[in-house]
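Colleague: What follows is a single structure, and I will ask about it in a moment.
The values are calculated or read from the model by the stated rules, or taken from the named source; none is laboratory data. From a predicted model like this one, the values you see are computed outputs, not experimental measurements. Cβ coordinates were reconstructed from backbone atoms using ideal geometry, including for glycine residues, and neighbour counts include every protein chain displayed. Just so you know, the surface numbers come from the protein's heavy atoms only, side chains and all, with ligands and any DNA or RNA stripped out. Shrake-Rupley method; radii C 1.70, N 1.55, O 1.52, S 1.80 Å.
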Amino acid sequence: MAEFKDMFLQLESDDDNIDTPGFVTLMTQDEENEINKEPFPDEIPILPIRNTVLFPGVVFPITLGRDKAIRLIKDAYKTNKIVGVISQKDSHVEDPGVEDLFSMGTVAFIVKMIRMPDGNTTAIIQGKRKFSLNEITSEEPYLKAKVEAIDEVAFVSNKENKALIASVRELATQIVELSPNIPTEANFALKNIDSPNFLINFIASNLNIDIQEKQNILEIGSLATRAEVVLGHLTRELQMLELKTQIQSKVKVDLDKQQREYFLHQQIRAIQEELGQDSPDKEIEELRSRGQKKKWEPAIAKAFDKELDKLMRTNPAAPDYSVSLNYAELLLELPWNEFSKDSFDLKKARKILDADHFGLEKVKDRILEYLAVLKLKGDMKSPILCLYGPPGVGKTSLGRSIAKAMGRKYIRVSLGGLHDEAELRGHRKTYIGAMPGRIIQSLKKAGTSNPVFVLDEVDKIGNDFRGDPSSALLEILDPEQNNSFHDNYVDLDYDLSRVMFIATANRLDTVQPALLDRMEIIEINGYTLEEKIQIAKKYLVPKQRKEHGLKSGQFKISDKVLSVIIEEYTRESGVRGLEKKIASLARHRAKQVVNDEEIGQLISEQYVYEVLGNQRIEKEEYQNNDIAGVVTGLAWTSVGGEILFVESTMTPGKGKLTLTGQLGDVMKESAITALTYLKANCDELNINPGIFDLYDFHLHFPAGAVPKDGPSAGITILTSLASVLTQRKVKPRLAMTGEITLRGRVLPVGGIKEKILAARRAGIKEIILSESNRKDIEDIPANYIKGLKFHYVKQMLDVLELGLMKQLVKNPKKWKVE
């Protein structure tokens, strides 16, 4: 980039290109005219110079380094002080000959010769007239040559030339004002030069262009032409300076802002140190020292150190600083390879589990088995359990008890309604407000890498266009993969294999099959009346008494009153609703205590009715068998088992089957299958086949507002239709459940324990089941099935043989068949 040189003659030396400040002697027009009239010598010594061109009228110093140059200047200084100055074509030539010099130069007058303190000789010379080199007459001890003077073409003072000179002067002035390296006194010199010739020579001498271009300007004879060339160089020079100034101003604004912020932060740092607070550097060093105490892998330590090095290079005010700082602090706070010590006292663990939860033997045994293996082996992957059952049976609270029994930290994460897998895996650090997923956050909160981790409501995870978090759980809950769990924010593998995951669910049909395959399913069934009474006495009543500030003598509930609350005010497999009712009684009793009312020690039935009101649930009870076609079935719901009545009747018609009671497709198909089977087996059942063409059949399931579906009512529908066709009584206090086929087989169904509990509550004494359900009954504790008799069948005809009595109902209907 071209720059206008210092008007004060910062000139390059002959030998070492040392710039030496000089002084300006302005040549007037009269002096110029006098010089042109002076006699011109035919032969003069020739002084080669490098890296510059001497123009007539211009004064500058040169430092002499070559022996020939020193001798030449000394000899000339003793005589007429006249030398011929010619520029070298190649500045690297140390001893130039005629072929190394340009053909035109300038006659110069030695104004002064100075001996410098360092021993070098400096000569101050001033150009006088141009000459052309004709012939070299001597090469030793220095060059001498015959020369011919070149007269300047007279300047024509017209408007065009005046405007040209004025333009050159104006551009040069602008360049001086824009360039920071040129002193403002140069403007004074430009304004005071009255000779157009000297003005052009003076400016051309200080242009930052190469030697060849300067030599070309020197050799131009016409002043107007020379002024046009100089004007072109000045224009380019001004454009470059303006662009440079514009760029520098932008950069300066940015730099000024950064410098201002830097100085402010330095001041803040100094104030912090003065107040005894930590500076950013000290904070980073503290992080580094904390990192050295962590038990992490080399790869993690390397990533942590890299992040701290990045922090050291980052301005604390930059947005990336806080992101990197938060990330480094998270790495420090995570419990890498930090584990709590397990409690291997199995008796103590069993005692804790029994103290917190009644029953649930299968789950408790599984936890004790794990502890036993862990004690023997010393190290093993934690099991991944899924507790499956109706609401309120203690699935979630069981996780806390397991953690307590094992001596581990407890973490619970609710997955209900979760729809974004980033909630589990986290977001990448590049996002604004990014944070780790719930898994990593929970481990950070726990402070150990082997907590008991409850994933609550795993069956209620969302799955739509926004994402499928259950797919992210596939890695978390896979023992072969979770030893290198990858969180998007942490961006490092974390070992989850020592975490004991316990998932809870109310139903399994909404859980992804691949996820089910990774978990050990443990079914938790509902409680019997006796179990609920024990749970209330041991856990719920003492808990509510404590929460409401009551003393033991102020709030007691007998078994009889508890059974009233359970049977008349709750309908559930668990005890959540029961706890709410007990809490209502406790609140009312607390109000009585505060008001100093007279209270009894025990809660009476009358007190329960007064506090809880008359919104009692009608108890499901067996109804008599006086009417043909009414059969008791067993059903499973999300809140436990229920008994289900099936009613059927016949009206004159054409064999049409009508189904009511808000039934699903599966139940409708069971009714069609049952009717078809009866038509196909009329002889075995002693039914007239013609009856199916003369009568319509209506099958109804009471509680029509409640949706019903499933195959388990198959044998109940069959028995109901057979009863109404034959008018035979159904065996008293009998319930049944099972799926049917056209071949006459009875297939097994699920939810047996809940259905058994519902049958006991309703006063049922006998139950018909599929032979394949025998194993389910054998798994149920004896206290659940006390007082019940089970009949296991394989064929549908066996169901009718057991379910229908030989005796007809009172006032049987006689179906007319023509």
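Colleague: For Cα pairs less than 8 Å apart in space and 6+ apart in sequence, what is the mean separation divided by the residue count of the chain, i.e. the relative contact order in percent?
Modeller: 7 percent
Colleague: When the Debye formula is applied to the Cα atoms of the chain, each taken as the same point scatterer, what base-10 log of I(q)/I(0) results at q = 0.09, 0.10 Å⁻¹?
Modeller: -1.01, -1.10
Colleague: Kindly sort Lys191, Lys130 by accessible area of their heavy atoms, largest first, with the probe set to 1.4 Å.
Modeller: The residues order as Lys191, Lys130, largest area first.
Colleague: Excluding ligands, DNA and RNA, what is the solvent-accessible area per residue of region 741-787 at a probe of 1.4 Å, expressed in Å²?
Modeller: Dividing the accessible area of region 741-787 by its residue count gives 46 Å².
Colleague: Please name whichever of Ala722, Thr660, Leu734 sits farthest to the positive end of the charge dipole of region 625-768, dipole taken about the Cα centre and charges placed at Cβ: Lys and Arg +1, Asp and Glu -1.
Modeller: Looking along the dipole axis, the top candidate is Leu734.
Colleague: Moving on to the next point. Hey, can you rank 64-77, 589-602 by average C-beta count inside 10 Å, highest first?
Modeller: 64-77, 589-602
Colleague: Using Cα-Cα distances under 8 Å and only pairs 6 or more residues apart, what relative contact order does region 661-759 have, in percent?
Modeller: 36 percent.
Colleague: Another question, if that's okay. What are the GluC sites (Glu not before Pro) within region 451-523 that DSSP puts in a loop, where the Cβ has at most 14 other Cβ atoms within 10 Å?
Modeller: Counting only loop positions with at most 14 other Cβ atoms within 10 Å, the GluC sites (Glu not before Pro) in region 451-523 are Glu480.
Colleague: What's the whole-number percent of alpha carbon pairs in region 625-737 lying beyond 25 angstrom?
Modeller: 17 percent
Colleague: State, to one decimal in nm², a quarter of the convex hull surface area for the C-alpha atoms of region 426-507, i.e. the direction-averaged projected area.
Modeller: It is 6.1 nm².
Colleague: While we're here: Using Stokes-Einstein with the Kirkwood hydrodynamic radius over Cα pairs, what translational diffusion coefficient do you get for region 374-455 at 25 °C and a viscosity of 0.890 mPa s, in µm²/s rounded to a whole number?
Modeller: 166 µm²/s
Colleague: To continue, here is another question. Out of Gly359, Asn506, Val147, whose Cα points farthest toward the positive end of the dipole of the chain (charges: +1 Lys, Arg; -1 Asp, Glu; placed on Cβ)?
Modeller: Gly359
Colleague: Here's a follow-up. Dipole of the chain, Cα-centred, from +1 at each Lys and Arg C-beta and -1 at each Asp and Glu C-beta, to the nearest 20 debye?
Modeller: Value, rounded to 20: 6840 debye.
Colleague: When the accessible area of region 648-700 is split by element with a 1.4 Å probe, what percent falls to carbon and sulfur?
Modeller: About 50 percent, which is the carbon plus sulfur part of the accessible surface.
Colleague: Report, in listed order, any pair from Lys580/Lys755; Lys347/Lys580; Lys731/Lys755; Lys364/Lys591; Lys293/Lys381 with a Cα-Cα distance greater than 30 Å.
Modeller: Where the Cα-Cα span goes over 30 Å, the pairs concerned are Lys347/Lys580; Lys364/Lys591.
Colleague: Under a Cβ-only charge scheme (Lys and Arg +1, Asp and Glu -1), can you give me the dipole magnitude of region 699-806 about the Cα centre, in debye to the nearest 20?
Modeller: 400 debye
Colleague: Which entries in Lys560/Lys806; Lys74/Lys130; Lys128/Lys244; Lys708/Lys794; Lys460/Lys765; Lys362/Lys581 show an alpha-carbon gap greater than 31 Å?
Modeller: Lys560/Lys806; Lys128/Lys244; Lys460/Lys765
Colleague: Per-residue HN-Hα couplings for region 766-775, Karplus 6.51 cos²θ - 1.76 cosθ + 1.60 at θ = phi - 60°, whole Hz, x for Gly and Pro?
Modeller: 10, 9, 9, 9, 5, 4, 5, 8, 4, 4
Colleague: With every protein chain kept in the model, how would you rank Trp336, Trp815 by accessible area, 1.4 Å probe, largest at the top?
Modeller: Trp815, Trp336
Colleague: Tell me which residues come under 5 Å, amide H to amide H, from Ala503 once H is placed; ignore anything under 5 positions away on its chain.
Modeller: HN-HN under 5 Å from Ala503: Leu385, Cys386, Leu387, Leu455.
Colleague: Would you work out which of Val799, His588, Thr106 lies farthest towards the positive end of the dipole of the chain, given +1 charges on the beta-carbon of Lys and Arg and -1 on that of Asp and Glu, about the Cα centre?
Modeller: Val799
Colleague: In addition: Can you list residues from other chains, or at least 5 along the same chain, whose modelled amide H is less than 5 Å from the amide H of Thr137?
Modeller: Lys144, Ala145, Lys146
Colleague: Could you work out how far the C-alpha centroid of region 779-796 sits from that of region 594-611, in angstrom?
Modeller: 41 Å
Colleague: Out of all DSSP beta bridges with both ends in the chain, state the antiparallel percent to the nearest 5.
Modeller: Of the beta bridges lying entirely in the chain, close to 60 percent run antiparallel.
Colleague: Would you mind checking the radius of gyration and Dmax of region 696-775 based on alpha-carbon positions, in Å?
Modeller: Rg, Dmax (Cα atoms, Å): 13.3, 40.
Colleague: First select every other residue whose beta carbon is under 10 angstrom from the beta carbon of Ile533; then total the charges, Lys and Arg +1, Asp and Glu -1.
Modeller: Result for the local shell: +1.
Colleague: Now, a different point. Could you pull out every residue, at least 5 positions away or on a different chain, whose amide H is within less than 5 Å of the one on Ser449? Hs are placed 1.01 Å off N in the peptide plane, and Pro or chain starts have none.
Modeller: Glu338, Phe339, Ser340
Colleague: Using the Karplus curve 6.51 cos²θ - 1.76 cosθ + 1.60 with θ = phi - 60°, work out ³J(HN,Hα) for each residue of region 731-742 in order, rounded to whole Hz, and write x for Gly and Pro.
Modeller: Along region 731-742, the couplings run 4, x, 6, 10, 10, 8, 7, x, 8, 10, 10, 5 Hz.
Colleague: Whenever you get a sec, compute what percent of the accessible area on region 453-558 sits on carbon and sulfur atoms (1.4 Å probe).
Modeller: 46 percent
Colleague: Ratio of alpha-carbon Rg to the 2.2 N^0.38 Å globular estimate for region 745-818, to two decimals, please.
Modeller: For region 745-818, the normalised Cα radius of gyration comes out at 1.39.
Colleague: Could you order Met736, Met113 by accessible surface area, starting with the largest, using a probe radius of 1.4 Å?
Modeller: The most accessible residue leads, giving Met113, Met736.
Colleague: From the backbone phi of region 352-362, what are the Karplus-calculated ³J(HN,Hα) couplings (6.51 cos²θ - 1.76 cosθ + 1.60, θ = phi - 60°) in whole Hz, Gly and Pro given as x?
Modeller: Per-residue couplings from phi come out as 5, 5, 5, 5, 8, 9, 8, x, 6, 4, 4 Hz.
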